[in-house]
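Worksheet: the structure to be examined is printed underneath.
The values are calculated or read from the model by the stated rules, or taken from the named source; none is laboratory data. Note that the structure is a prediction, hence the values are computed from the model and not measured. Cβ: placed from backbone, ideal geometry, glycine included. Neighbour counts: every protein chain shown.
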Amino acid sequence: MPSISDPNLFEAVYLATKRSLSRGNFPNRWVARGNGLVRLVDKQYLTTYREFDASKVVDCLRVWGTDSNHRFSGSAPLGIGSSGVQHGAVYFSTQHASMLNEMHHYAKQSSKFARNLKQRGVIESEIVKPLTVLDLSRHSGQTLKYLDSLGQDADVKRALASGPFANSGLTLTQLVRHTNDYSAARAIGLAVGDDRSLDGITVETARPSVRDGGESGDNVVLYGPKGEVVSRRIEPQRVILFDRNVDKNSVEMIQHSLG
């Protein structure tokens, strides 16, 4: 399980990010109403006695973000920041590509993609309130420049030079995407979570693509009070469940409209 192995680096990146946000010196993006977001969820949270239960979607809305210990969200090292206690976070995909990457990631662990697919569901939602986010997506021409500027911060440079990554040759940009360590990425995420002028962050998914062309897709991470992250921001529109067609030896999509 990835962790924060360098609290000093975390604190330096967290404070450097907060300073850049307070100065308005960061790439931002306005995501308009009507744009779609998708989220992969375990099928058990959407069904009752193996049948789709629309009321369960409402339950998902309430609990999303109450326990989000991931790359750009979760707890901070003791005594650093406040986001780990005050904020939750919810991850969405802006394209189905990144959602499929997530499915393949877990399918690889379970060795059978179709079996994993049957255990999952997709909630397709619509943005109902314009969102302002820190834009670290693959489409932003400022992502590398911004991360490099954080890496050039004096405190961040000292932390990199004296911590466990001192002889690794890794830059801050590379550490943000580190497979087994969230010291840099979570620091940025929690700094965004502390900023009331921002709804969240857009960032390229960390899951590798299994398709031609390296298509990966972007994630949107929204922050807010635990249990209320998506309230008045996102409205679910449709749920897609998967089931196996024994006769055709295939997996079928079953769509449920919430409108």
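Brief remarks follow.
- Tally, over region 37-73, of residues that are assigned to a loop (DSSP other than H, G, I, E, B), at pLDDT 85 or above and either of a type in the set (Val, Ile, Thr) or closer than 24 Å to residue 178 by Cβ (or both): 2
- Residue in region 7-25 that is assigned to a strand (DSSP E or B) and at pLDDT 85 or above present: no
- Screening residue 132 against (1) touching a strand residue (DSSP E or B) at 6+ places or on another chain (Cβ under 7 Å); (2) at pLDDT 95 or above; (3) surrounded by fewer than 20 Cβ atoms within 10 Å (Cβ to Cβ); (4) more than 17 Å from residue 224 (Cβ to Cβ) leaves a single unmet condition, (4).
- Against the conditions (1) in a loop (DSSP other than H, G, I, E, B); (2) at pLDDT 90 or above; (3) crowded, with 20+ Cβ neighbours inside 10 Å, residue 203 satisfies every one except (1).
- Residues within region 216-259 that are under 20 Å from the mean Cα position of the chain (by Cα), modelled with pLDDT under 85, surrounded by fewer than 14 Cβ atoms within 10 Å (Cβ to Cβ) and part of a loop (DSSP other than H, G, I, E, B), tallied: 0
- For region 9-23, a residue qualifies if it is surrounded by fewer than 18 Cβ atoms within 10 Å (Cβ to Cβ) and either within 19 Å of residue 164 (Cβ to Cβ) or aliphatic (A, V, I, L, M) (or both), and exactly one does: 15.
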